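Written below as structure tokens is the structure these notes are about.
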Amino acid sequence: MENLPIPDQNGPSVTTEFEESSSLSIGNSVKDVNMRNEDLSLQSDMHNSCGCGAKNSGEHLSDNEKKSSPKYVYAIGKVTHRFPNRSIEMEYAQAMGRVPEIDTKGLTDAEVMSKTLTDSNNRYLARQLCYVFNIENLETYILVPSDPYDIDKLAQALRPSPERYRDIDVIIGRRGPLSCPEKCNGLILPIVIVDQIYSFDRDVLMNEIPKRKGENQAQFRKTSDSLFDNLLQIADNAGGIDEHRALNYLAVRYAEIYNRTQLMQDENYSLSSVDVRLSYLSGARKIVDVIFSFEHRMNRAGKKYFVRVDVDGLYPFLVNPMQEYFQN
């Protein structure tokens with residue numbers, strides 16, 4: 001098994017997970033206690049918002065939904081934001097005005113926003129924003145961190161990028177009910193309670209994919225880019241069903257799918273389809289087979305390879321490495 005090292009926004013490092021924040025210091029006790037109370041209040045508000053003002057989100061679910069297993073999400077897209085109301089928008093404008101001019105001169109609006117929201121003095125403002133997850137330029141989810149102290153991770157995901165379509169976020173979490181209109185300035189979308197987020201530049205990810213010895217780097221990069229696009233553009237891939245979660249997991253965590261595709265292209269095969277089926281090995285756990293089908297460009301002969309992924313829990317994982325697929 002060969003995992004891809006997923007870089008964060010600061011460079012090609014290991015995966016970025018929500019970290020448990022350190023305990024508050026004793027000094028400045030009044031300020032610290034107020035911050036703790038605000039964060040605990042925020043946590044309560046976050047859970048209340050999932051039910052549109054109810055005490056908990058379960059009150060808005062049917063009996064069948066309450067008994068069903070959690071709906072996990074593993075999605076690839078981009079974190080954006082909305083101001084929930086005019087009051088918060090104007091408070092942001094005032095916070096931005098407090099940044100020294102020398103620190104904002106010549107910067108784009110996105111760069112100024114990133115600098116303002118990641119300033120620890122403006123953390124109160126970062127907590128008030130509505131974080132929206134876009135997939136293929138469509139607003140798909142409203143994001144709420146599972147730990148309120150991790151709101152910083154969402155604020156950092158609003159990083160400026162010279163090439164917005166190369167800037168990618170991966171969210172892993174649990175899907176809740178629809179949001180209230182007042183939570184995000186009229187926007188009504190499913191809420192995702194985010195347990196983990198990766199933020200990285202697509203170019204860095206492609207460069208981090210291990211290559212086979214002797215492979216042409218430029219051609220391999222084109223192949224990797226094309227396969228990554230194909231996996232993301234599979235119909236309605238919002239990362240909310242097991243099949244799409246498996247595909248998105250492989251896209252950012254398993255290098256062999258890229259190496260196998262390049263190897264088949266070297267033999268004059270084209271990737272013709274990617275299918276996901278429930279594995280015959282599924283029993284106590286839910287396991288899917290992801291099947292990559294290739295077709296020879298001259299004689300139309302076909303070859304298939306597959307990889308098994310366990311999608312039973314929040315975090316998918318590899319069951320079997322990629323191998324040739326023989327249909328029963």
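Read-outs: derived from the displayed coordinates by stated rules, not from any lab. Bear in mind the structure is a predicted one, so any value in this text is a computation, not a measurement. Virtual Cβ from ideal backbone geometry, glycine too; neighbours counted across all protein chains shown.
Each residue of segment 82-87 in order: what ³J(HN,Hα) in whole Hz does its phi give by Karplus 6.51 cos²θ - 1.76 cosθ + 1.60, θ = phi - 60°, with x for Gly and Pro?
Karplus values, whole Hz, x for Gly and Pro: 9, 7, x, 7, 5, 4.
Fully extended, how many nm does the chain gain between ASP103 and GLU215 (0.36 nm per residue separation, minus their Cα-Cα distance)?
Details: separation 112, 0.36 × 112 = 40.32 nm, distance 4.48 nm.
Gain in length upon complete extension: 35.8 nm.
Between GLU267 and ASN320, what is the FRET efficiency for a Förster distance of 25 Å, r being their Cβ-Cβ separation, to the nearest 0.05?
Once rounded, the FRET efficiency stands at 0.65.
Which whole-Hz ³J(HN,Hα) couplings does segment 138-152 yield from phi under the Karplus relation 6.51 cos²θ - 1.76 cosθ + 1.60, θ = phi - 60°, glycine and proline marked x?
Each residue of segment 138-152 in turn: 10, 5, 10, 9, 9, 9, 9, x, 5, 10, x, 5, 8, 4, 4 Hz.
Can you compute the modelled spin-label distance between GLU208 and ILE241, with each label point 7 Å from Cα toward Cβ, in nm?
3.0 nm
Which entries in the list LYS78/LYS304; LYS105/LYS183; LYS78/LYS211; LYS71/LYS183 go over 25 Å, if you measure between the two C-alpha atoms of each? Walk me through the numbers before you get to the answer.
Numbers: LYS78/LYS304 32 Å; LYS105/LYS183 33 Å; LYS78/LYS211 27 Å; LYS71/LYS183 22 Å.
Too far apart for the 25 Å limit: LYS78/LYS304; LYS105/LYS183; LYS78/LYS211.
Compute the FRET efficiency between ILE291 and SER146 as 1/(1 + (r/R0)^6), taking r as their Cβ-Cβ distance and R0 = 56 Å, and round to the nearest 0.05.
0.95
Once fully extended, how much extra length lies between ASN134 and THR118, figured as 0.36 nm per residue of separation less the alpha-carbon to alpha-carbon distance?
Working: separation 16, 0.36 × 16 = 5.76 nm, distance 2.08 nm.
Going from the current span to full extension adds 3.7 nm.
Classify segment 196-328: rounded, prolate or oblate, from the alpha-carbon gyration tensor (a ≥ b ≥ c, eigenvalue square roots; a/c under 1.5 rounded; otherwise prolate if a/b is larger than b/c)?
Cα axes put segment 196-328 in the oblate bin.
Could you tell me the relative contact order of segment 287-328? Use alpha-carbon pairs under 8 Å, at least six residues apart, and round to a whole percent.
Relative contact order for segment 287-328 comes out at 36 percent.
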